[in-house]
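Enquirer: Sending over a structure as structure tokens; questions will come in a sec.
The values are calculated or read from the model by the stated rules, or taken from the named source; none is laboratory data. If you're wondering where the values come from, they're calculated on a predicted model, not measured in any experiment. A quick note on method: Cβ atoms are made from the backbone with ideal geometry, for glycine too, and the neighbour counts reach across all protein chains shown. When the accessible area is computed, the model is the full protein with side chains, heavy atoms only, and any ligands, DNA or RNA have been set aside. Shrake-Rupley method; radii C 1.70, N 1.55, O 1.52, S 1.80 Å.
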Amino acid sequence: MEDNETEIELRIHGMDCAEEVTLLKRELIPLLGDEDRLGFDLLNGKLTVDTSSLDVAHLDVLAAIQRTGLKSEPWQNDGAANDDLSFWQQHQRSILTTVSGLFGLSGLVVQLSAGESESVPLPAIVPYSVGIVAGLLMVLPKAWRSLFSLRLDMNLLMSVAVIGAVLIGEWFEGATVAFLFSFSVLLESWSIGRARRAIASLMDLSPPTAHLRDDAGDVQDVAPADVPVGSTVIVRPGEKIPLDGRVLIGISGVNQAPITGESVPVEKEAGDEVFAGTINGDGLLEIETTKAADDTTLARIIKM
């Protein structure tokens, strides 16, 4: 990207909840002067920065993001950036949470095996310590930045709670808090992941091509986005309907389950409405398109 671009699109690694959005706003709003210049897409980890009419360089934006501790890179529509992540980068939160829980539980077992005692025995402190470190490993850097900037957040408060429990000898409580906080963040990350996969499955419903009949009567394959409203498209038996429209010629059962949830195909004939992403049955349909590709029922579902 060049420094004179008016809109910067970046992939932000680790941006999967409102906490990271708050961090980014904290650094970028003073630079841009207006929150409306920022666009966040949590499902895809995408940040859009509008620098039009501002004397703000691309490097200034990158420097502000770097101060949050998050990593950024130019946005790629093909999603290739995810393929470059190592196994550890993809699963570190799950691994650390599991380690935190197992070692915290191990410490409790060792402590109970040692019998009644006013102080926690050293053999129990060791697994407790491992559990606490694993639970806070991804939290402490954020807590430190929060303390350094004098802006308290949940990461700092939870870190203080765990450290305080350790200082007064309540190792089990400290390990439990560290695990539960790590687990809550993991659940939030999982929910975002499920939403991403759901959106990806919806996008797969839309066929890559449409059979467009031109004014001369010839049929050519084009991308659905290139089909004007009011055009005629041909949908052969077994194919997905590329755009919302109205049946001109033909009778066929259409499987609308991906869109409407209906369990059985719905018979369609001339004059009936059909939706993009639904599956044509055993009949040939000629359909007049009524909506553009970015305004179909399926496209609106994906946007929502």
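Enquirer: Compute, for V21, the solvent-accessible surface of its heavy atoms (probe 1.4 Å) with the complete set of protein chains present, and express it in square angstrom to the nearest 10.
Expert: Near enough 20 Å² of accessible area.
Enquirer: What whole number of Å gives the distance from the Cα centroid of region 173-195 to the Cα centroid of region 1-69?
Expert: Going from one Cα centre to the other spans 26 Å.
Enquirer: Determine the share of region 84-133's accessible area contributed by carbon and sulfur atoms, expressed in whole percent, with a 1.4 angstrom probe. It would help to have the intermediate numbers written out before the result.
Expert: Details: 2070 of 3170 Å².
That fraction is 65 percent.
Enquirer: What FRET efficiency would be calculated for the residue pair S94, R67, taking the C-beta separation as r and a Förster radius of 30 Å, to the nearest 0.05? Walk me through the numbers before you get to the answer.
Expert: Details: r = 28 Å, r/R0 = 0.92.
Working from the Cβ atoms, E equals 0.60.
Enquirer: With a 1.4 Å probe and every protein chain left in place, work out the accessible area per residue of the chain in Å², rounded to a whole number. Mind dumping the intermediate values first?
Expert: Numbers: 16800 Å² over 304 residues.
It amounts to 55 Å² per residue over the chain.
Enquirer: Report the charge-dipole magnitude of the chain in Debye, nearest 20, computed about the Cα centre from +1 at each Lys and Arg Cβ and -1 at each Asp and Glu Cβ.
Expert: Values: 22 positive and 44 negative charges, 261 e Å.
My answer is approximately 1260 debye.
Enquirer: Taking only the alpha-carbon atoms of region 1-77, what semi-axes of the equivalent ellipsoid follow from 5 times the gyration tensor eigenvalues under a square root, in whole Å, largest first? Don't skip to the answer; put the middle values down first.
Expert: Working: eigenvalues 62, 37, 25 Å².
Over the Cα atoms of region 1-77, the semi-axes work out to 18, 14, 11 Å.
Enquirer: For the chain, return all DSSP H helices satisfying: extent of Cα atoms along own axis at least 18 Å; mean Kyte-Doolittle hydropathy at least 1.0. Walk me through the numbers on the way to the answer.
Expert: Numbers: long enough: 18-32 (20 Å, 0.55); 87-113 (37 Å, 0.49); 122-136 (21 Å, 1.78); 154-167 (20 Å, 2.23); 171-205 (51 Å, 0.78).
For the chain, where a helix must reach 18 Å along its axis and average at least 1.0, the hits are 122-136, 154-167.
Enquirer: Taking Cα pairs under 8 Å and at least six residues apart, what relative contact order does the chain come out at, in percent?
Expert: Reported relative contact order: 12 percent.
Enquirer: While we're on this one: Given axes a ≥ b ≥ c from the Cα gyration tensor, I'd like to know whether the chain is rounded (a/c under 1.5), prolate (a/b larger than b/c) or oblate.
Expert: Working: a/c = 3.92, a/b = 1.91, b/c = 2.05.
Verdict is oblate for the chain.
Enquirer: Please report the accessible area of V109 (heavy atoms, 1.4 Å probe, ligands and nucleic acids excluded) in Å², nearest 10.
Expert: Approximately 80 Å² of V109 is accessible to the 1.4 Å probe.
Enquirer: Enumerate the amide H contacts of K268 below 5 Å, restricted to partners 5 or more residues apart or on another chain; note that Pro and chain-start residues carry no placed amide H.
Expert: S252, G253, V254
Enquirer: Between E267 and E173, what is the label-to-label distance in nm when each label sits 7 Å out along the Cα-to-Cβ direction?
Expert: Once both label points are built, they end up 7.1 nm from each other.
Enquirer: Further question: Set Lys and Arg Cβ to +1 and Asp and Glu Cβ to -1, take the dipole of the chain about its Cα centre, and tell me which of A114, G104, L59 lies farthest positive.
Expert: Most positive-ward Cα: A114.
Enquirer: In addition: Go through F181, F87 and list them by solvent-accessible area, largest first, probe radius 1.4 Å.
Expert: On the way: F181 25, F87 145 Å².
The ranking, largest first, comes out as F87, F181.
Enquirer: Another one. Zone of D226 (label point 7 Å along Cα→Cβ, backbone N under 12 Å): which residues in region 177-218?
Expert: Answer for this model: 209-212.
Enquirer: Suppose R0 equals 45 Å; then what is the FRET efficiency for I251 and V21 from their Cβ-Cβ distance, rounded to the nearest 0.05? Don't jump to the answer; show the numbers that get you there.
Expert: On the way: r = 50 Å, r/R0 = 1.12.
Efficiency at R0 = 45 Å is approximately 0.35.
Enquirer: Multiplying the sequence separation of V133 and H13 by 0.36 nm and subtracting their Cα-Cα distance, what value in nm do you get? Walk me through the numbers before you get to the answer.
Expert: Numbers: separation 120, 0.36 × 120 = 43.20 nm, distance 2.23 nm.
Extending this stretch completely gives an extra 41.0 nm.
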